[in-house]
Amino acid sequence: MKRLLVAVVLAVVAVLYIGYYEALEDGDIETVFFIKKYPTSQIRFYNIHANDGEIRKIERLTTEERKWIIEYCKYRLGINTELKTQSDIEMCRKK
Amino acid sequence: MTGMTFTTTAKAQEVKPGQSAAPVPITVNDRAATREAIIKKVRSLNATFVERSSWGALKGKPDMVMDWDYTMIALHHAGRSHSCTPGVVQMQEIQKGHLSQKYDDIGYHYGIDCTGQIFEGRDIRLQGSSVFKFNTGVIGIVLLENLTTPEEGGDWVAKGRVLLNSIGYSTINTIPAAQIDALMHLIDSLKSVFVIKHFGGHREYPGQASEGKVCPGNIGMELVRNLRAKTRLLPPPAPQE
């Protein structure tokens, strides 16, 4: 019973603190795991700049893309941003 | 004529009776015709060219960024998980992967498989996504196999390959002659319509090495150097300060 409890606690901690995103390396997709800066049940994140494209222009971002960048920036990099300027996007692209 | 349409611009001029009209310069703006010219040129060199529709490409997203006046070509390899398998399947898989990573379409303009078939990737009228933060004016061409040497990458995959090599199982690929010929034909065709000045491996372009890029691998880079000597193209430009 004790072991089960420990396993459950570890699993919950893992879910809350371990996340991942996928990065493009040429034609390959690599999964990158990381320790979240804040606990959340969200496990999958998107770094839409972990590839060989251009940095997205702030005025061309969709609502969904803004959400992905803000989430990644907060939980991966520990930066809370409202994504108001182009330099905010540049800051949040870091791997 | 084959029913193609052209956009032209010219200034109106007044012509008095008895006078002949002065020659009017006409600006022809037809990038679609240029795309077609590239395909025709490649085929005239006896290379096989497979258009997007023929390999089952998915439609790219709307409102993609346009590009033109290309002066550079970046050579890529497909990555360490790739090998000489049929090009159609590889192009489909790469496009699927790129779309899943929020690209607007496949990132490369052209792909060449090991048999020398040339595949059309992202439409040449659109900016590629193959050189991080340096895509303007760059045509991306991918060779559809792995062109790294075992130690490249420095991670567990590299360690495994080095180990396999040490016990006599080679994981080093050679570039097929048909693929090199096709690449030469494609470069010649692109040079026939654009003023191409630079030809380089992905990792040679400004800002790429510091991002940890190994593409197109040591084997790919050897090919790049050989082709630069043959084509007399220059290496990629130095980074701007």
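Coordinate-derived values only; no laboratory data. Predicted, not measured: the structure shown is a model, and the values here were computed from it. Glycine also receives a Cβ, built like all others from the backbone with ideal geometry; neighbour counts cover every protein chain displayed.
Counting residues in chain B as N, plug N into 2.2 N^0.38 Å and put the Cα Rg over that result. Walk me through the numbers on the way to the answer.
Numbers: Rg = 20.8 Å, N = 241, 2.2 N^0.38 = 17.7 Å.
Taking N as the residue count of chain B, the ratio is 1.18.
Residue by residue through B:123-133, how many Cβ atoms from other chains fall within 10 Å of the Cβ on average?
Numbers: counts 0, 0, 0, 0, 2, 3, 5, 4, 3, 9, 7.
Per residue, the average neighbour count from other chains is 3.
Which three numbers, in whole Å and largest first, are the semi-axes of the equivalent ellipsoid of the protein assembly as shown derived from its Cα gyration tensor as √(5λ)?
The three semi-axes for the protein assembly as shown are 42, 28, 17 Å.
Build a GNM of chain B with springs between Cα atoms under 10 Å: which of B:Pro23, B:Pro206, B:Pro86 gets the top mean-square fluctuation?
Highest fluctuation of the listed residues: B:Pro23.
How crowded by other chains is A:45-51, given as the mean number of beta carbons from other chains within 10 Å of each beta carbon?
3
Specify the residue with the greatest mean-square fluctuation among A:Ala11, A:Ala23, A:Ala50, computed from a Gaussian network of chain A linking alpha-carbon atoms under 10 Å apart.
Of A:Ala11, A:Ala23, A:Ala50, the most mobile in the Gaussian network model is A:Ala11.
For region A:2-91, count all C-alpha to C-alpha pairs, find those more than 14 Å apart, and express that count as a whole percent of the total.
Roughly 68 percent, rounded to a whole number.
Just going by the charge dipole of chain A, with Lys and Arg at +1 and Asp and Glu at -1 on Cβ, which of A:Phe33, A:Val9, A:Gln86 is farthest out on the positive end?
Most positive-ward Cα: A:Val9.
Between helix B:31-44 and chain B, what is the angle of the helix's C-alpha long axis to the longest principal axis, kept within 0 to 90° and rounded to the nearest 10?
Tilt of helix B:31-44: around 60 degrees.
I'd like the FRET efficiency for B:Ser20 and B:Lys40, computed as 1/(1 + (r/R0)^6) with the beta carbon distance as r and R0 of 30 Å, rounded to 0.05. List each step's numbers first, then the result.
Values: r = 36 Å, r/R0 = 1.22.
Efficiency for this residue pair is about 0.25.
Per the helix-only calculation at 222 nm, which mean residue ellipticity applies to chain B, given -39500 (n - 2.57) for every DSSP H run of n ≥ 4 and division by its residues, nearest 500 deg cm²/dmol?
Values: 5 runs with 71 residues, N = 241.
Using -39500 (n - 2.57) per qualifying helix, the result is -9500 deg cm²/dmol.
Rg and Dmax of region A:9-53 over Cα atoms: what are they, in angstrom?
Rg then Dmax for region A:9-53, in Å: 12.2, 40.
As I understand it, the value is the acute angle between the Cα axis of helix A:63-75 and the longest principal axis of the Cα atoms of chain A; what does it come to in degrees, rounded to 10?
Once rounded, the angle reads 50 degrees.
To the nearest whole percent, what portion of all C-alpha pairs in region B:17-126 is separated by more than 18 angstrom?
58
Starting at the first residue of region B:220-234, write each ³J(HN,Hα) from the Karplus equation 6.51 cos²θ - 1.76 cosθ + 1.60 with θ = phi - 60°, in whole Hz, x for Gly and Pro.
Here the 3J(HN,Hα) series is x, 5, 5, 5, 4, 5, 4, 5, 4, 5, 6, 8, 6, 7, 8 Hz.
Per residue of B:99-105, how many C-beta atoms from partner chains lie within 10 Å of its own C-beta, taken as a mean? Please list the in-between numbers first.
On the way: counts 0, 4, 12, 14, 5, 1, 0.
Rounded to a whole number, the mean comes out at 5.
Compute the convex hull volume of the Cα atoms of region B:118-208, divide it by the residue count, and report the result per residue in Å³ as a whole number.
122
In chain A, what is the count of Lys pairs whose alpha carbons are under 18 Å apart, counting only pairs at least 8 residues apart or on separate chains?
Counting lysine pairs in chain A gives 18.
Could you count how many Lys pairs in region B:54-202 have their Cα atoms under 27 Å apart, skipping same-chain pairs fewer than 8 positions apart?
For region B:54-202, the number of qualifying lysine pairs is 10.
Considering amide H positions built from the backbone, and no H for Pro or chain starts, which residues 5 or more places from A:Ile79, or on another chain, come under 5 Å of its amide H?
A:Lys74
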